[in-house]
Amino acid sequence: MPKKLVEKLRSLIPSNGKKKARKYQRREVPRDQHNVSRSAISEPAKKVLHRLNKSGYEAYLVGGGVRDILLGGKPKDFDIATNATPEEVHDLFRNSRLIGRRFRIVHVVFGREIIEVTTFRGGADANDDDAPARDARKTSEHGLLLRDNVYGSQEEDALRRDFTVNALYYCIRDFTVIDFASGIEDLKNRQLRLIGDPDTRYREDPVRMLRAIRFAAKLDFQIEPETEAPIRELAPLLAHIPPARLFDEVLKLFSAGQGEATYDLLTRYDLLAPLFPETVRALDSGASDTLIRKALRNTDARIAQGKSVTPYFLFAAMLWPALQAEWARRQDNGDPVQPALHAAIGKVIGRQVQSTSIPKRFSGPMKEIWELQMRLPRRQGKRAFATMEHPRFRAAYDFLLVREAAGELEPGLGQWWTDFQEANERDQERMLSQLSSDAPKKRRRRRKPPAQKQVPQ
Ligand code: ATP
Ligand code: MG
């Protein structure tokens, strides 16, 4: 029986409430039973924790900061949860700013490091008769959480978080780790488990499906079966998420160093389509994803070496199959190569920004990478030097190498450019004259034969 059908049938069998309801119970893990040491926490994060505590507020390190230290890793950033309101936090730190509408939070800025401070949130069961709460916590007709500014207790705050392993709190006063949702157990079993009913939690915020994939790939965790079950069916809900938020999520998905694994998971759970609909359409019509895979592998290797990854390179690769398809379609319709490419670029970007926005500072360079693919083969005369001067040359050259590795082009051109960049002036001239000595045959062929020169009488 097809897998999809089996899943469908399974979802129709009533569970009769037999599902083991998970108990959420507060548990404190003392310092000698965990490995979160103060030295693993950044100075700015400690400063914020101490100042909040000294001012009489509760404050805890929470989320990825605790999770990653417990796993022996290095947190990307530090998030703090407190019972102080955003305004109170803002008053306490001169170097802070109030941000967000959907979630009102405070950023405390220390040079390049930003500490995100959120006020304990509750109201998961906000009483409908309670007008202020209703106003602060708003859901759409699809169950999407539009606003969530009802403050609550620490326990409520823990239970509105996404995964159990993200709901662990570290207290810098007594060095305990506080676990409200058996997150430590899941951490040990390397499992991602949503807190509460997965269907409801994904409907509240479909981005949680992408977060499940991101953490599964980044931490090499399994997605626990009940957390995994509704994803495919609910994946289309991502269409309700603003394109700007999805753009941010795509960047996070592909810049955590496990891009290829992430791509596989997104594909497996039908989550690639809401992010890159045109690409998925091209792939479904038989286009190859080898270039995407090679580019992601390349990106992963760069991240492993501590190098940066540019969003425009990533998007240029992710949208390449869509661009190729549209470009070919236009040429089949009789458009000449160059105008067909320009029109295809416009079309593909125009459609993509309906799913994920692409800020102009990235879409411009992305177009240039694509356009340069046509310029890179033309090297005669001064052209090679002019191309090399182009601000996007390096990215376009990297892209060319990926295309060659993907078997899209005869190997050779990439190596030529590698050599040309490394060569001294004399050797560069030699390389160019070598090209010109190969060229006349072509040129002669292109010059019209005498018959055509004859002007009709
Ligand atoms: P990392 O920073 O490594 O990406 P993180 O878990 O810290 O991982 P953040 O996006 O920084 O992720 O969010 C901080 C915390 O806020 C999370 O650990 C989680 O507890 C909570 N959180 C973030 N996004 C959501 C969401 N969409 N739904 C529920 N809780 C969330
Ligand atoms: Mg974080």
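The values are calculated or read from the model by the stated rules, or taken from the named source; none is laboratory data. This structure is a prediction, so every number in the text was calculated from the model and none was measured. Cβ atoms come from the backbone with ideal geometry, glycine included; neighbour counts cover every protein chain shown. When the accessible area is computed, the model is the full protein with side chains, heavy atoms only, and any ligands, DNA or RNA have been set aside. Shrake-Rupley method; radii C 1.70, N 1.55, O 1.52, S 1.80 Å.
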Scanning segment 278-292 for residues that are in contact (Cβ under 8 Å) with a residue 40 or more places away in the chain and of a type outside the set (A, V, I, L, M, F, W, C) gives Glu278, Thr279, Arg281, Ser285, Ser288, Thr290
Condition set under 12 Å from Arg51 (Cβ atoms), free of Cβ contacts under 8 Å to residues at least 24 places away in the same chain and part of a loop (DSSP other than H, G, I, E, B), scope segment 93-115, selection nearest to the chain's Cα centre (by Cα): answer is Asn95
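Being more than 25 Å from Pro274 (Cβ to Cβ), surrounded by fewer than 19 Cβ atoms within 10 Å (Cβ to Cβ) and among the polar types (S, T, N, Q) is the requirement here; does Gln354 meet it?
Details: more than 25 Å from Pro274 (Cβ to Cβ): no; surrounded by fewer than 19 Cβ atoms within 10 Å (Cβ to Cβ): yes; among the polar types (S, T, N, Q): yes.
No.
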Within segment 213-227, of all residues that are open to solvent by less than 20 Å² (accessible area, probe 1.4 Å) and not in a helix (DSSP H, G or I), the one nearest to Gly65 (Cα to Cα) is Phe221
*asked:* Yes or no: segment 150-166 includes at least one residue that is away from ligand 1 (no atom under 13 Å from the Cβ), in contact with a strand residue (DSSP E or B) (Cβ under 7 Å, 6 or more places away or on another chain) and in contact (Cβ under 8 Å) with a residue 60 or more places away in the chain.
replied: yes
**Prompt:** Restricting attention to segment 70-81, does a residue exist that is under 19 Å from Asp162 (Cβ atoms), in contact with a Cys (Cβ under 9 Å, 6 or more places away or on another chain), within 11 Å of ligand 1 (Cβ to nearest atom) and touching a residue at least 12 places away in the same chain (Cβ under 8 Å)?
**Reply:** no
Say whether the condition of being surrounded by fewer than 20 Cβ atoms within 10 Å (Cβ to Cβ) and not in a helix (DSSP H, G or I) is met by at least one residue in segment 311-332.
no
With the first residue restricted to segment 319-339 and required to be closer than 22 Å to Ile358 by Cβ, and the second required to be among the hydroxyl-bearing types (Ser, Thr, Tyr) and open to solvent by 60 Å² or more (accessible area, probe 1.4 Å), Cβ contacts under 8 Å at 6 or more apart or on different chains are Pro321/Ser288; Ala325/Ser285
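Please state which one of Lys382, Lys360, Lys347, Lys367 is of a type in the set (D, E, K, R), modelled with pLDDT under 95 and farther than 20 Å from Gly259 by Cβ. Explain how you work it out, then say what you get.
Numbers: Lys360 fails: modelled with pLDDT under 95; Lys347 fails: modelled with pLDDT under 95; Lys367 fails: modelled with pLDDT under 95.
Within the list Lys382, Lys360, Lys347, Lys367, the selection yields Lys382.
Among the residues of segment 181-204 satisfying the criterion of being open to solvent by 10 Å² or more (accessible area, probe 1.4 Å) and not in a helix (DSSP H, G or I), which is farthest from ligand 1 (Cβ to nearest atom)? Break it down stepwise before answering.
Taking segment 181-204 and keeping what is open to solvent by 10 Å² or more (accessible area, probe 1.4 Å), we get 182, 184-185, 187-191, 193, 196-201, 203-204.
If we keep only those that are not in a helix (DSSP H, G or I) too, we end up with 182, 189-191, 193, 196-197.
Working: Ser182: 15, Asn189: 18, Arg190: 15, Gln191: 15, Arg193: 13, Gly196: 10, Asp197: 14 Å.
Selected residue: Asn189.
Working only within segment 60-92, note down all residues that are of a type in the set (Ser, Thr, Tyr) and part of a strand (DSSP E or B). Quick ask: steps written out before the conclusion?
At the first step, the residues of segment 60-92 found to be of a type in the set (Ser, Thr, Tyr) are 60, 82, 85.
Residues satisfying the conditions are Tyr60, Thr82.
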Against the definition (more than 10 Å from ligand 1 (Cβ to nearest atom), more than 17 Å from Glu156 (Cβ to Cβ) and in contact (Cβ under 8 Å) with a residue 60 or more places away in the chain), how does Val66 come out, yes or no? no
Given the structure, is Arg208 farther than 13 Å from Leu272 by Cα, assigned to a helix (DSSP H, G or I) and either touching an Asp or Glu at 6+ places or on another chain (Cβ under 8 Å) or of a type in the set (S, T, N, Q) (or both)?
yes
Within segment 291-304, is there a residue that is outside any helix (DSSP H, G or I) and either open to solvent by 10 Å² or more (accessible area, probe 1.4 Å) or under 24 Å from Leu265 (Cα atoms) (or both)? no
Filtering segment 157-168 down to residues that are part of a helix (DSSP H, G or I) and touching an Asp or Glu at 6+ places or on another chain (Cβ under 9 Å) yields Ala158, Thr164, Val165
- request: Check whether at least one residue in segment 230-251 is away from ligand 1 (no atom under 13 Å from the Cβ), in a loop (DSSP other than H, G, I, E, B), charged (D, E, K, R) and surrounded by fewer than 16 Cβ atoms within 10 Å (Cβ to Cβ), and report yes or no.
  value: no
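Results for (1) open to solvent by 10 Å² or more (accessible area, probe 1.4 Å); (2) farther than 20 Å from Glu155 by Cβ; (3) within 16 Å of ligand 2 (Cβ to nearest atom), shown as yes or no for each residue.
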position: Ile41; (1), (2), (3): no, yes, yes
position: His50; (1), (2), (3): yes, yes, no
position: Gly73; (1), (2), (3): yes, yes, yes
position: Asn83; (1), (2), (3): yes, no, no
position: Glu87; (1), (2), (3): yes, yes, no
position: Asp91; (1), (2), (3): yes, yes, no
position: Arg94; (1), (2), (3): yes, yes, no
position: Gly100; (1), (2), (3): yes, yes, yes
position: Phe120; (1), (2), (3): no, no, no
